[in-house]
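> Below you'll find the structure I mean.
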Amino acid sequence: MEKTALIGLVVIGGSAGSLDIILNTVSFLRSKNCPPVIIVIHRKNSDDSSLADLLAGRTQLKLKEAGEKDRLKPDSVYLAPADYHLLVEKDHTLSLDFSEKVNYSRPSIDVTFQTAAEAFGEKCFCILLSGASADGAEGLQLVNKMKGITAVQDPSNAEVAFMPQQAIDRFQPDYIVDTTDPKALANLINSLTAK
Amino acid sequence: MEYKISDEDIEVILNDIFEQHGYDFTDYSKASIKRRINWVYAVDKIPSFAELRYKLKHDTGYLKRFVEEITVNVTEMFRDPSFYQVLRKDVLPTLGTYPLIRIWHAGCSTGEEVYSMAILLKELNLYHKSLLYATDINPSVLERARKGLFPLAQMKQYSENYILSGGNREFSHYYSANYSMAKFDETLKEKMIFSTHNLVSDGSFNEFQLIMCRNVLIYFDTDLQARVFSLFDGSLEKLGYLALGSKETLNFSTIASKYKQLNKQKIWRKLL
Ligand SMILES: C[S@@+](CC[C@H](N)C(=O)[O-])C[C@H]1O[C@@H](n2cnc3c(N)ncnc32)[C@H](O)[C@@H]1O
């Protein structure tokens, strides 16, 4: 069976050097019948609304800062707010959590990946991009363990190779994305989520 | 780390804790509770689920630790400076016209929020006629709040927060360094009353002009949130204020129609 038939949720995690890829990706995503997309980016606490504005300006999907108890809907992009962890619930709503930082990060990509995998299992598709942090690799491995689909940016064309390399050092992700083509990641998501 | 305790087993534990000790966590948001229980289970190196159940049943010391660890206690002084600015410029001066100001900090954790409030009230010359009720489910955090000792390493950030919130004194004049801790001025404590109170099971105990409950409701499911909102509504005087955390809202609750939000801030005023 095609492992990718029924993706219910896409999660993209990025840190240093990931913003351009994320902006490109949201701009090329299919605007109809796209599963919900969550974006977790490490950043300073203050640049929240500007980041949401940036993303909103680049996508036809509905962009929203993730709020607690929000229900995940198709054709929507949810940006994890600064300074809270974003957790996915089994009833497909979102929770926010102001607990200790994980890997020096809040939001932590690990936390969202892991809870996404818990909630969506093989129906979740998680992607780890450029960054100088150890965050995300463990969560991505758990996604893989729970039969979800995983992708990492090719470290050789990541601005900061460390974060995707951490994941590759742990396990073999399903896809290594060559991002020299700005559409590459969006194309992958579109093809895996096509009905 | 990988979760070792399943959803079903989480339910079993939460039911045990409720039946044996009266703490009801069954209406907390599931993902966070599950993450924390699995975390305690791993760091405490509990060999099996059966052993965890046994310990929670028979070892009250361990139960205490467990309850402390599954509830999130992270807090800061002057967290969200713009929020404190509105308290300073708008809410507290309005309440300053009252003969006595009663404030309830529900879920105050280790007290950083309460000391921040005390500083604001002092600077507005309102402290002498204020009472600050600080409550939490967790007796250990209240014990720390009572001491008024916070890590010295945090003071740089707190002092920045304080200035951003509109403070214009030397923040360091509110504490003295005591090894690695900052000991806050004893006079800040004079009007603070600390007590355990469980928002899930305990009722209203007074009428307040301001209730602060920040970053507590995010851990509750919608039904429990609704119950707590009606507890607050029953504990708030007419024209009193309810202040929530930066990601929380009153807007979809059944009591919302009685309240008016202060422009964009997470502060609601009770009109009826
Ligand atoms: C994240 S802290 C919030 C501290 C502070 N208000 C702030 O915003 O920084 C949450 C607090 O809520 C408390 N809490 C959790 N469940 C509670 C309950 N049922 N009743 C009272 N307090 C509770 C926890 O013990 C913890 O101290």
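> Looking at B:P93, A:Q153, B:Q209, which one has the Cα that reaches farthest to the positive end of the dipole of the protein assembly as shown (charges on Cβ: Lys, Arg +1; Asp, Glu -1)?
Positive-end residue among those listed: B:P93.
> Given N residues in the protein assembly as shown, what is its alpha carbon radius of gyration divided by 2.2 N^0.38 Å?
That ratio works out to 1.02.
> As an exercise, find the ratio Rg/Rh for segment A:9-192 from alpha-carbon atoms, using the Kirkwood inverse-distance average for Rh.
Taking Rh as the inverse mean 1/r over Cα pairs, Rg/Rh reads 0.91.
> Another question about this same structure. Can you figure out the FRET efficiency of B:T187 with A:K32, using R₀ = 60 Å and their beta-carbon distance, to the nearest 0.05?
Calculated value: 0.45.
> Oh, and also: Go ahead and set up a Gaussian network model of chain B, Cα springs under 10 Å, then flag whichever of B:D223, B:D59, B:D24 fluctuates most.
With Cα springs under 10 Å in chain B, the top fluctuation among B:D223, B:D59, B:D24 is at B:D59.
> While we're looking at this one, here's another question. Rounded to the nearest 100 Å², what's the accessible area chains A and B bury against each other, both chains counted, probe 1.4 Å?
2100
> Now for a separate question. Give me the base-10 log of I(q)/I(0) for chain B at each q in 0.10, 0.12 Å⁻¹, Debye formula, one uniform scatterer per Cα, rounded to two decimals.
Normalising to I(0) and taking log10 leaves -0.55, -0.78.
> Here's another thing I want to ask about it. List the pairs from B:K147/B:K264; B:K156/B:K266; B:K89/B:K266; B:K64/B:K191; B:K64/B:K247; A:K147/B:K30 whose alpha-carbon separation is above 24 Å, in the order I gave them.
B:K147/B:K264; B:K156/B:K266; B:K64/B:K191; B:K64/B:K247
> Dipole size in debye (nearest 20) for chain B around its Cα centre, Lys and Arg Cβ +1, Asp and Glu Cβ -1?
900
> Using alpha carbons only, how many degrees (0 to 90, rounded to 10) separate the axis of helix B:60-70 from the longest principal axis of chain B?
60
> Now a separate question. Could you check how much of the accessible area of chain B is carbon and sulfur, as a whole percent, using a 1.4 Å probe?
Heavy-atom surface of chain B belonging to carbon and sulfur, 1.4 Å probe: 52 percent.
> Rounded to a whole number, what % of the accessible area of segment A:9-192 do carbon and sulfur atoms account for, probe 1.4 Å?
Result for segment A:9-192: 48 percent of the exposed heavy-atom area is carbon or sulfur.
> Follow-up. Helix-only estimate, please: 222 nm mean residue ellipticity of the protein assembly as shown, summing -39500 (n - 2.57) across DSSP H runs of length 4 or more and dividing by its residues, to the nearest 500.
-10500 deg cm²/dmol
> What is the distance, in nm, between label points placed 7 Å from the Cα along the Cα-to-Cβ direction at B:T196 and at B:A42?
Here the answer is 2.9 nm between the modelled labels.
> To the nearest 10 degrees, how steep is helix B:155-164 against the longest Cα principal axis of chain B, on a 0 to 90 scale?
Tilt of helix B:155-164: around 50 degrees.
> Pick from B:E11, B:E248, B:E170: which is most flexible by mean-square fluctuation in a GNM of chain B where alpha carbon atoms under 10 Å apart are linked?
Of the options given, B:E170 has the highest mean-square fluctuation.
> Which residues of segment B:236-272 bury at least 40 Å² of accessible area once all protein chains are present, versus their chain alone (1.4 Å probe)?
Listed in order, they are B:K247.
> What are the ³J(HN,Hα) couplings of segment B:227-236, residue after residue, when phi is run through the Karplus curve with 6.51, -1.76, 1.60 and θ = phi - 60°? Round to Hz, x for glycine and proline.
Result, rounded to whole Hz: 5, 5, 4, 6, 4, 5, 4, x, 10, 10.
> Still on this structure, please answer the following. Roughly how crowded by other chains is peptide B:70-77, in terms of the mean Cβ count from those chains within 10 Å of each of its Cβ atoms?
The mean count of partner-chain Cβ atoms within 10 Å per residue comes to 2.
> Apply 1/(1 + (r/R0)^6) to the Cβ-Cβ distance of B:T97 and B:E143, taking R0 = 41 Å, and write down the FRET efficiency to the nearest 0.05.
Efficiency computed from Cβ-Cβ geometry: 0.70.
> While we're on this one: Near the amide H of B:L131, under 5 Å away, which other amide H atoms are found, from residues 5 or more places off or on another chain, if H is placed in the peptide plane?
Residues meeting the criterion, in which the H sits 1.01 Å from N, are B:I101, B:R102, B:I103.
> Modelled label-to-label distance, B:E160 and B:D59, 7 Å Cα→beta-carbon offset: nm?
4.1
> Shielding by partners for A:109-121, please: the mean number of other protein chain Cβ atoms within 10 Å of each residue's Cβ.
Average per residue, whole number: 2.
> Grab the other residues whose beta carbon is less than 15 angstrom from that of A:A167, score K and R as +1, D and E as -1, and report the net.
Taking every other residue near A:A167 into account, the sum is -4.
> Here is a further query. Indicate, rounded to the nearest 5 percent, the antiparallel portion of the DSSP beta bridges found entirely in segment B:81-270.
40
> Specify the residue with the greatest mean-square fluctuation among A:N24, A:N144, A:N33, computed from a Gaussian network of chain A linking alpha-carbon atoms under 10 Å apart.
Among A:N24, A:N144, A:N33, the largest mean-square fluctuation in the Gaussian network model of chain A belongs to A:N33.
> Using the heavy atoms of the protein chains and a 1.4 angstrom probe, tell me the accessible area per residue for the protein assembly as shown in square angstrom.
Accessible surface, normalised per residue, equals 42 Å².
> Shape of segment B:7-71 from its Cα gyration tensor (a ≥ b ≥ c, root eigenvalues): rounded if a/c is under 1.5, otherwise prolate when a/b > b/c, or oblate?
Rounded, because the longest to shortest axis ratio a/c is under 1.5.
> Taking the Cα centre as origin and putting +1 on Lys and Arg beta-carbons and -1 on Asp and Glu beta-carbons, what dipole magnitude results for segment B:139-272, to the nearest 20 debye?
300
> Run the simple label-point estimate for B:M1 and B:F18 please: 7 Å along Cα→C-beta, distance reported in nm.
For B:M1 paired with B:F18, the spin-label model returns 2.7 nm.
> Now a separate question. If you place +1 on the Cβ of every Lys and Arg, -1 on the Cβ of every Asp and Glu, and leave all else neutral, what size is the dipole of segment B:7-71 about its Cα centre, to the nearest 20 Debye?
280
The values are calculated or read from the model by the stated rules, or taken from the named source; none is laboratory data. Being a predicted model, the structure only gives us computed values, none of them experimental. Heads up, the Cβs are rebuilt from the backbone with ideal geometry, glycines too, and the neighbour counts pull from every protein chain shown. When the accessible area is computed, the model is the full protein with side chains, heavy atoms only, and any ligands, DNA or RNA have been set aside. Shrake-Rupley method; radii C 1.70, N 1.55, O 1.52, S 1.80 Å.
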